[in-house]
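First up is the structure itself, then whatever we jot down about it.
The values are calculated or read from the model by the stated rules, or taken from the named source; none is laboratory data. No experiment lies behind these values; they were computed from the predicted model shown. Ideal geometry is used to build each Cβ from the backbone, glycine not excepted, and the neighbour counts take in all protein chains shown. Surface accessibility is based on the protein's heavy atoms, side chains included, excluding ligands, DNA and RNA. Shrake-Rupley method; radii C 1.70, N 1.55, O 1.52, S 1.80 Å.
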Amino acid sequence: MSSTAPDPPGRRRRRVSMADVARLAGVSTQTVSRVSTGHPGVIPSTREQVVAAMQQLGYRPNSAARALKYGEFRTIGVITFTLSTTGNSNTVEAIATHAAAEGYVITLIPVAAPTQDRVLGAFTRLGELAVDAVIVIMEVHLLDASTVLLPPDVHLVVVDSDAGDRYRVVDTNQADGARQAVRHLLDLGHRTVWHVAGPPESYAAERRATAWRTTLSQAGREVPALRRGDWSAEAGYRAGLELADEPACTAIFVANDQMALGVLRAMHERGRVVPRDVSVVGFDDIAEAGSFIPPLTTVHQDFAEVGRRCVEAVLHQVRTGTAQTGTTLVPTRLVVRASTAAPPTAR
C-alpha cells in the first residue's frame, strides 16, 4: 500500500472519505462500508486490508452522513433511573452486548429524578444525540402516574413495567420467581415464610411481595408482616436482626441477593445457624451468590435474555416502522444451594 500525500502547509486537512480508504485498500466503497459497520459478509483477508487502510489514513466513519443516506443512526438510547441495582446494571450491560451484535451502539442517559420534566428532558437529549430507538428501564408506578407520560411516535421498549397495554414491555417473570421461592420453602416443611421486600415504589418488589402473599394464602398458611428494605445489604441486615428475634421464623424469602447477604450476617450475629435454624432464599442469582456462607439458594434472573429481547423488540419496530404493545416475560428458575433445609421441628 502507498500512503497519500500530506496536505500542503497552511491548508486545513481534508476529511478522509470512504473512497480514499477504498482506493488505498484496492476495494470498492461498498466493501469499506461493510467493514465499518461490522457486516459479517467480508472475508478476513479483505477486512484486514481495509482496516489497515483505515488506520493508515486515520479514517473515521461519518455517522451523520450514513444516517442521511440510509435513514438510521445505528444507535439505541437507554434511559434509566439508577445503575446501582443488580437488575438495572446487568440489563444495561446485556442491552449493550446484544446491540453491538446487531451493529448498534447505545447511548446511556441517567435520569436523576423520576419526574415528567426529567423524562422528557432525557428524550430531548437523546433526540439531539440522534438515536433510532429508546429502551427505558422504568418503574411501573411512574408510568401509571398522570405526571409521567412517554413521548408518542418513538420506537420504544420499556423494561420493568406492566404497561403493556400502551408500550412494548420486556421483563422477568417476577411473580413466578417469587412463587418458586416460597413453594420451595413450604415443600421443605416450613409452616410459613417471612419476607424482606424491596422498596414500595419498585414494580419488581411489589410483584414479588404480592406473589409471596398469594402463594401463602393459597396454601392456607399464615402471612407474616413483611419487612421493607432498599435493596442494600445494610437494609437486609436491619431486617434480619428483627427476624432473628422472632422464634417462629424458620424461613425467609428475601427480595434480592444483596439484602439476603445482610440477613445471613444478622442471623450469624444472633447465633441462629443457616440453614439449621433458619432457611434463606434470595432473588437475582448474582455472580457471588454461590460464594456466600452458606451458598445462597436464590431465584435466577436471565438478564442476558431480557437484554436480547429488548434489543430484538426495539429493532423490529425500527425495521418495520410500526409501534408495538404487549408484554414478554422471561422465565426464572430456582437455584437450590446450601442456605435452605427442612425446619428444626421436621428434623
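Observations on the structure shown:
- Filter pass, Arg319 being basic (Lys, Arg) and either over 24 Å from Ile135 (Cβ atoms) or modelled with pLDDT of 95 or more (or both): no
- Any hit, region 189-199, residues being in contact with a helix residue (DSSP H, G or I) (Cβ under 7 Å, 6 or more places away or on another chain) and modelled with pLDDT under 95: yes
- Checking each residue in region 310-331 for being open to solvent by 30 Å² or more (accessible area, probe 1.4 Å), of a type outside the set (S, T, N, Q) and in contact with a helix residue (DSSP H, G or I) (Cβ under 9 Å, 6 or more places away or on another chain) picks out Glu312, Ala323, Leu329, Pro331.
- Test result for Gly164, open to solvent by less than 70 Å² (accessible area, probe 1.4 Å) and modelled with pLDDT of 95 or more: no
- Sole exception among (1) farther than 20 Å from Arg208 by Cα; (2) part of a loop (DSSP other than H, G, I, E, B); (3) under 15 Å from the mean Cα position of the chain (by Cα) for Ile286, by number: (1)
- Residue within region 204-226 that is modelled with pLDDT of 95 or more, open to solvent by 10 Å² or more (accessible area, probe 1.4 Å) and of a type in the set (Asp, Glu) present: yes
- Test: residue in region 292-305 that is open to solvent by less than 10 Å² (accessible area, probe 1.4 Å) and part of a helix (DSSP H, G or I): no
- Residue selected from region 122-139 under the condition closer than 20 Å to Ser161 by Cβ and among the small types (Gly, Ala, Ser), by the criterion modelled with the lowest pLDDT: Ala122
- Filtered residues of region 167-203 (kept if open to solvent by 10 Å² or more (accessible area, probe 1.4 Å), under 17 Å from Asp302 (Cα atoms) and of a type in the set (A, V, I, L, M, F, W, C)): Ala175
- Going through (1) closer than 27 Å to Ala101 by Cα; (2) modelled with pLDDT under 65; (3) hydroxyl-bearing (Ser, Thr, Tyr) one by one, Thr4 falls short only on (1).
- Candidates in region 255-291 are the residues that are of a type in the set (S, T, N, Q) and open to solvent by 10 Å² or more (accessible area, probe 1.4 Å); of these, the one that is nearest to Thr86 (Cα to Cα) is Gln258.
- First in region 85-113 and in a loop (DSSP other than H, G, I, E, B), second anywhere and open to solvent by 30 Å² or more (accessible area, probe 1.4 Å) and of a type in the set (Asp, Glu), Cβ under 9 Å, 6 or more apart: Glu102/Glu312
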